[in-house]
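Values quoted throughout were computed directly from the atomic coordinates according to the rules given, and no laboratory measurement underlies them. Just so it is clear, the model here is predicted, and its values are computed rather than measured. Here the Cβ is made from the backbone with ideal geometry for all residues, glycine too, and neighbour counts use every protein chain on show.
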């Protein structure tokens, strides 16, 4: 069995589970969003992140992806006890490398179907675009299938639960204060 660095966790959570809330309320947490690393939004990058997520009509590929994101992810893991990233299949290979080479613990956070329906309502409230919402609806079943086969720990979120609830129940220590979120 692999030995992990104590108190170093990479949390891979479905969008809308509460990663930003953690970073806004706990000083040992970092929330890394990758939208501005993967895509170039040009003149639209000044818009709120939640409004440009999933907007294929206003973005182009960033030629520095994925190295630019992995560089900041590596630095965040060195500095913070808990680093949260959104579920994205493009991150899976690097996540495996990090776990094997940095000895961190990776946990996938999976909303059950009832919790996922609540998350969809959250997307609407926070003004995510229709493209983003429709994409998440389509990706949810794919996410469940991919995560089912991962070797990493999985925590299923039930209706009414948030990321902070399930991490505390798992025994992770959340330290009150302001963490870091890299929303550009």
Legend entry - Proxy reagent accessibility, fewest Cβ within 10 Å first, across 97, 65: 97, 65
Legend entry - segment 151-169 versus segment 81-118: alpha-carbon centroid distance in Å: 12 Å
Legend entry - Relative contact order, percent, the chain [alpha-carbon distance under 8 Å, six or more residues apart]: 41 percent
Inset, instruction - Can you tell me the relative contact order of segment 39-114? Whole percent, Cα pairs under 8 Å, sequence separation 6 or more. - result: 20 percent
Inset, instruction - Of the DSSP beta bridges with both residues in the chain, give the percent that are antiparallel, rounding to the nearest 5. - result: 15 percent
Legend entry - Distribution of pairwise C-alpha distances over segment 9-174, 10 Å bins, in %: 10, 39, 40, 12, 0
